[in-house]
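J.: One structure is given below, represented as structure tokens, and several questions about it will come after.
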Amino acid sequence: MVSFAVVGVVTLFAVNPADASPASPKYQQKSGPYVVRGVDSAADRNRVGGTGASIDSIENGAATVTATPDEARQIERLGFSISRTRTEGFPAADSGYHDYAEMQAELDRAAKAYPKIMQKLSLGKSYEGRDLPLIKISDNVAKDEDEPEILYDAHQHAREHLTVEMALYLVRMFTEGYGKDPRITRLVDTREIWIVPDMNPDGGEYDLTGGKYHDWRKNRQPVGGGYKGVDLNRNWGYKFACCNGSSSSLSSETYHGPQAFSAPETQRLRDFVLSRRVGGVQQIKAAIDFHTYSELILWPYGYTMNTTAAGLGSDQQKTFSALGHAFARSNGYTPEQSSSLYITDGSIIDWLWATQGVWAFTFEMYPNSPSKGGFYPPASVIDAQTARNRDASLTLAEYADCAYRVIGKQQLCATAPSPR
Ligand code: NO5
Ligand code: CA
Ligand code: CA
Ligand code: ZN
């Protein structure tokens, strides 16, 4: 993949000595490019342009701008996020991976090629102002039909880049397979499929800066004490910070944030999920949250070792386990309750299940050992390791009309159509 990605979101003024030019304004050189985010309307463009900076291109609210240091400061004072970016993307050896711009381009292409069944929408913005794309795939895609809805989300954790490839694989699978593969055609015709390919674009892009990986996990929101980053998968609002499954230390990899949903990224997905309640009934019935690595299929709860707990009765536990084992038969991952790995609190799947009744799973993708690349497996594995989850992803969508069917208790769906 040709890469002209963003090098180093170097924060402008304090950090980059090149910007600390002592020259008086009229002798200041235009320099760039800068990326200015949140340039959504004509008024925004005029405000940015009004500083004297030139707008060289604009896409998805991100303007590439050439500006003097003074103009850049003015743009920042206007409230836009502006960063000094050179584009770099993945190291050449890993160019088969999609950085943020490449992912957006692929999603745009697919939406253009399959307008009848795919829409590219937005959840809103990340902390640094990047758009969080939301894909809908269904027949009559522009209509909200009465069809079971499924959510696949990826990349809560920055360094888990293979999960973005998984989401892009699902987009291709559902669009290119429509009208060709009967199983896919049936699902697109009878389900509404939501894909969130990149929950953490700020962390993901940061992880690629400077031509090397940074082993970054969290988002890029300042949290105080000079530290940046909240662990998005500890920031959800069910049993938040309850149980030693996250950290209150600002520098920790599992820092849960000052309160539940303190991160813009979790807020955005929460608000979308809540918007899918129609007449009090959550329309999203099943979900997979993709992570790497360890080749695991995990289900709620993460916060407790108990197999049943408030909101998780024994038929429900059996349904989770049976679905998890069904997925494992196709992808060879190890199925288990999330807490059997380790306790997590404030995870997305606990929130999705406990508050919305969504049959929510975490998939921890390839590899199963650090020796195979850990968080950074070579791009040569992408095709096989995303296709590996094809059957499980389809199976989840097929059970979205009545998950209890997997344990032969479909009568429960009639009496309790939505568990919440
Ligand atoms: C996940 C799962 C245990 C949910 C997490 O290695 S990971 O960070 N992807 N594992 O801790 O949130
Ligand atoms: Ca439809
Ligand atoms: Ca619907
Ligand atoms: Zn993860």
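J.: Using the beta-carbon distance between residue 369 and residue 73 and R0 = 35 Å, what value does 1/(1 + (r/R0)^6) give for FRET efficiency, to the nearest 0.05?
T.: 0.10
J.: Another question about this same structure. When ranked by the protection proxy of mean other Cβ atoms within 10 Å per residue, highest first, what sequence do the peptides 156-167, 396-407 form?
T.: 156-167, 396-407
J.: Treating cross-link reach as a plain straight distance, find the aspartates and glutamates whose alpha-carbon is under 15 Å from the alpha-carbon of residue 116, omitting any fewer than eight places away in the same chain.
T.: The qualifying aspartates and glutamates are 108, 139, 144, 145, 176, 189, 192.
J.: Residue 185 to residue 122: extension gain in nm, 0.36 nm per residue of separation minus the Cα-Cα distance? Working shown, then result.
T.: Details: separation 63, 0.36 × 63 = 22.68 nm, distance 2.47 nm.
That pair, residue 185 and residue 122, stretches by 20.2 nm at full extension.
J.: Determine, from the Cβ-Cβ distance of residue 41 and residue 274 and an R0 of 25 Å, the FRET efficiency 1/(1 + (r/R0)^6), rounded to the nearest 0.05. Please list the in-between numbers first.
T.: On the way: r = 26 Å, r/R0 = 1.04.
After rounding, the FRET efficiency stands at 0.45.
J.: May I pose another question? Quick one: dipole size for the chain, taken about the Cα centre, charges +1 on Lys/Arg Cβ and -1 on Asp/Glu Cβ, in debye to the nearest 20.
T.: 360 debye
J.: Holding the Cα-Cα limit at 28 Å, pick out from 318/372; 136/218; 285/318; 112/180; 120/285 the pairs that are longer than that.
T.: Numbers: 318/372 33 Å; 136/218 26 Å; 285/318 17 Å; 112/180 19 Å; 120/285 21 Å.
318/372, as the Cα separations exceed 28 Å there.
J.: Which one, 57, 260, 288, projects farthest toward the positive side of the charge dipole computed for the chain from Cβ point charges (K/R +1, D/E -1)?
T.: After comparing all options, I get 260.
J.: Between residue 108 and residue 251, how many nm apart are label points set 7 Å from Cα along the C-beta direction?
T.: 4.1 nm
J.: Compactness ratio of region 283-386: Cα Rg over 2.2 N^0.38 Å, N = residue count?
T.: In units of the globular-protein estimate, region 283-386 measures up at 1.09.
J.: Could you provide, to the nearest whole Å², the per residue accessible area of region 238-389 with probe 1.4 Å?
T.: Ligands and nucleic acids excluded, the result is 35 Å² per residue.
J.: For the chain, take the longest principal axis of its alpha carbons; what is the angle in degrees between that and the long axis of helix 162-176, to the nearest 10 within 0 to 90?
T.: Around 70 degrees separate the two axes.
J.: With N residues in the chain, what two-decimal value do you get for its Cα radius of gyration over 2.2 N^0.38 Å? Working shown, then result.
T.: Details: Rg = 21.9 Å, N = 420, 2.2 N^0.38 = 21.8 Å.
The value comes to 1.00.
J.: At 0.36 nm per residue, and after removing the present C-alpha to C-alpha distance, how many nm does the segment from residue 140 to residue 415 gain when stretched out fully?
T.: Separation in residues times 0.36 nm, less the Cα-Cα distance, equals 96.1 nm.
J.: Okay, moving on. Which of the peptides 127-133, 55-61 is most tightly packed, and how do the rest follow, going by the mean number of other Cβ atoms within 10 Å of each residue?
T.: Numbers: 127-133: 22.0, 55-61: 14.6.
Ranking the peptides 127-133, 55-61 by packing returns 127-133, 55-61.
J.: Sticking with this structure for a sec: With the Cα gyration tensor of region 278-326 in hand, convert its eigenvalues to equivalent ellipsoid semi-axes via √(5λ) and list them largest first in whole Å.
T.: Rounded to whole Å, the semi-axes are 20, 17, 11.
J.: 5 Å is the cut-off here: which amide hydrogens, built 1.01 Å from N in the peptide plane, fall below it relative to residue 277, excluding neighbours closer than 5 in sequence?
T.: 283
J.: Okay, moving on. By how many nm would the segment from residue 212 to residue 227 lengthen if fully extended, with 0.36 nm per residue of separation less the alpha-carbon distance?
T.: Stretched fully, the residue 212-residue 227 segment lengthens by 3.3 nm.
J.: Rounded to the nearest percent, how much of the accessible area of the chain (1.4 Å probe, protein heavy atoms only) is carbon and sulfur? All intermediate terms of the calculation are to be shown ahead of the outcome.
T.: Numbers: 8490 of 16200 Å².
Using a 1.4 Å probe with all protein chains present, the chain comes out at 52 percent carbon and sulfur.
J.: Give the shape of region 94-171 as rounded, prolate or oblate, defined through the alpha-carbon gyration tensor: a ≥ b ≥ c are the square roots of its eigenvalues, a/c under 1.5 means rounded, and otherwise the shape is prolate if a/b is larger than b/c and oblate if not.
T.: Values: a/c = 1.78, a/b = 1.60, b/c = 1.11.
Since a/c reaches 1.5 and a/b is larger than b/c, the shape of region 94-171 is classed as prolate.
J.: Give me the distance in nm between label points sitting 7 Å out from Cα along the Cα-to-Cβ direction at residue 59 and residue 309, one decimal.
T.: 4.3 nm
J.: Something else: Between residue 383 and residue 259, with labels modelled 7 Å along Cα→Cβ, what's the label distance in nm to one decimal, could you check?
T.: Label at residue 383, label at residue 259, 5.0 nm between them.
J.: What number comes out for the charge environment of residue 348, summing +1 per Lys or Arg and -1 per Asp or Glu over other residues with Cβ under 13 Å away?
T.: Result for the neighbourhood of residue 348: -2.
J.: What 222 nm value per residue comes from the helices of the chain, counting each DSSP H run with n ≥ 4 as -39,500 (n - 2.57) and dividing by all residues, nearest 500 deg cm²/dmol?
T.: Numbers: 14 runs with 128 residues, N = 420.
Mean residue ellipticity, 222 nm, calculated: -8500 deg cm²/dmol.
The values are calculated or read from the model by the stated rules, or taken from the named source; none is laboratory data. Bear in mind the structure is a predicted one, so any value in this text is a computation, not a measurement. Note: ideal-geometry Cβ built from the backbone for every residue, glycine included; neighbour counts use all protein chains shown. Calculation scope for accessible area: heavy atoms of the full protein, side chains included, ligands and nucleic acids excluded. Shrake-Rupley method; radii C 1.70, N 1.55, O 1.52, S 1.80 Å.
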